Ligand code: 5GP
């Protein structure tokens, strides 16, 4: 039986586009998909638990880990550090599981430079108006913070051509099906199936 290395799926996009919700639903539906838990220096929210949503670190500990090269990528996102632990992701992929990362666009572009067979999906809102509505509705940011995020979103849209796929997150159910379709198609790519193709070519 051929054991394949898992696929690294990077979901990114502007704050408020719904990438967290899409990621959450994909994880529930896809058995072979593991979620990489990030580290952050932001304070835990009431419902969050250490090692479940994030590994919560002090700024000093986070910076030591940066110096030790422990992160596959990291970024300063709205005044807090966030980073993807390198060893954890390697372990998931080497075990043959797919791995989903839900990270900001700065982090996504760092991974693009390092991992050529990762798959990059931009989660976009249906419109700027809808993005503004979603950011306002979730009520976690003040108006000036919302304005900053909308300004960043405009810059992030310009970078969309650097992704492999764009999903317009209008209806969550459709967006999740589209992520599933991407994973299925990626697995079938000839470039990911050299081993079986070689065996067949040898008549085995
Ligand atoms: P939140 O604080 O709302 O959980 O996340 C804030 C932002 O940080 C989101 O855009 C989320 O995608 C991003 N983020 C979460 N984990 C990581 C990570 O490991 N690396 C990077 N670059 N961004 C992350």
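A Cβ distance below 7 Å, combined with a sequence gap of six or more or placement on separate chains, defines the contacts here; from region 10-28, residues that are farther than 17 Å from residue 78 by Cα reach residues that are within 12 Å of the ligand (Cβ to nearest atom) and part of a helix (DSSP H, G or I) in the pairs 10/108; 10/111; 11/19; 11/22; 11/23. Considering only residues that are within 10 Å of the ligand (Cβ to nearest atom) and in a helix (DSSP H, G or I), which ones fall in region 1-37? Within region 1-37, 19, 20, 23 meet the criteria. If we scan region 44-54, do we find a residue that is more than 12 Å from the chain's Cα centre (by Cα) and in a strand (DSSP E or B)? Taking every residue of region 44-54 in turn, at least one turns out to be more than 12 Å from the chain's Cα centre (by Cα) and in a strand (DSSP E or B). When you look at residue 66, is it within 13 Å of the ligand (Cβ to nearest atom) and either within 29 Å of residue 4 (Cβ to Cβ) or in contact (Cβ under 8 Å) with a residue 40 or more places away in the chain (or both), yes or no? So residue 66 fails the test.
Restricting the search to region 92-106, which residues are closer than 24 Å to residue 187 by Cβ and touching a strand residue (DSSP E or B) at 6+ places or on another chain (Cβ under 9 Å)? Answer for region 92-106, where residues must be closer than 24 Å to residue 187 by Cβ and touching a strand residue (DSSP E or B) at 6+ places or on another chain (Cβ under 9 Å): 92, 93, 95, 97, 98, 99, 100, 101, 102, 103. Test residue 61 against the criterion of being part of a helix (DSSP H, G or I), more than 13 Å from the ligand (Cβ to nearest atom) and free of Cβ contacts under 8 Å to residues at least 60 places away in the same chain, and give yes or no. It is true that residue 61 is part of a helix (DSSP H, G or I), more than 13 Å from the ligand (Cβ to nearest atom) and free of Cβ contacts under 8 Å to residues at least 60 places away in the same chain.
Give the residues of region 94-126 that are assigned to a helix (DSSP H, G or I) and either within 14 Å of the ligand (Cβ to nearest atom) or crowded, with 21+ Cβ neighbours inside 10 Å (or both), sorted by residue number. Once the filter is applied, which keeps residues that are assigned to a helix (DSSP H, G or I) and either within 14 Å of the ligand (Cβ to nearest atom) or crowded, with 21+ Cβ neighbours inside 10 Å (or both), region 94-126 yields 105, 106, 107, 108, 109, 110, 111, 112, 113, 114. Taking region 127-204 and the helices (runs of 4 or more DSSP H) fully enclosed by it, the elements with 2 or more residues that are touching a strand residue (DSSP E or B) at 6+ places or on another chain (Cβ under 7 Å) and modelled with pLDDT of 95 or more are at 172-187. Being within 15 Å of the ligand (Cβ to nearest atom), at pLDDT 95 or above and over 23 Å from residue 26 (Cα atoms) is a condition met by at least one residue of region 81-89. For the structure I just gave you, tell me whether residue 96 is touching a residue at least 60 places away in the same chain (Cβ under 8 Å) and within 15 Å of the chain's Cα centre (by Cα). It is false that residue 96 is touching a residue at least 60 places away in the same chain (Cβ under 8 Å) and within 15 Å of the chain's Cα centre (by Cα).
The values are calculated or read from the model by the stated rules, or taken from the named source; none is laboratory data. This one's a predicted model, so the numbers in the text were calculated from it and none came from an experiment. Cβ: placed from backbone, ideal geometry, glycine included. Neighbour counts: every protein chain shown.
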